[in-house]
1. Based on what the data block shows, is residue 13 aliphatic (A, V, I, L, M), at pLDDT below 75 and surrounded by 10 or more Cβ atoms within 10 Å (Cβ to Cβ)?
2. Let me confirm something: among 49, 72, which residue is within 22 Å of the chain's Cα centre (by Cα) and among the polar types (S, T, N, Q)?
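The values are calculated or read from the model by the stated rules, or taken from the named source; none is laboratory data. Here the structure is a predicted model, which means the values were calculated and not measured. With ideal geometry, Cβ positions are generated from the backbone for all residues, glycine too; neighbour counts draw on all protein chains shown.
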Amino acid sequence: MDYGWLLLALVVLLLAVRLGFTATDARADRLDRRLARIEEKLDALMAHQGIELPEPEFDDVRALLDEGKKIQAIKVYRERTGAGLREAKEAVERM
């Protein structure tokens, strides 16, 4: 059996998979930028109309913090808000 062809096929497969992930990453970045721009526009419209959103209650997150369960508090915060890990960690630390 010719292992050269097998190795070549494996390299081509790995490159194809890597290119697929790169394209997916680029698309996700593009969507993130579009979403951020939409959020900016929505914030501007709300400010112009004098609309303020009430701050959500995080009693359960505060209770977890009081128990010393910071990681669980961050997890609950992320589930309730859809925030990323960094944003949730910073928000919970501010509490």
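1. Values: aliphatic (A, V, I, L, M): yes; at pLDDT below 75: no; surrounded by 10 or more Cβ atoms within 10 Å (Cβ to Cβ): yes.
In short, no.
2. When all the criteria are applied, what remains is 72.
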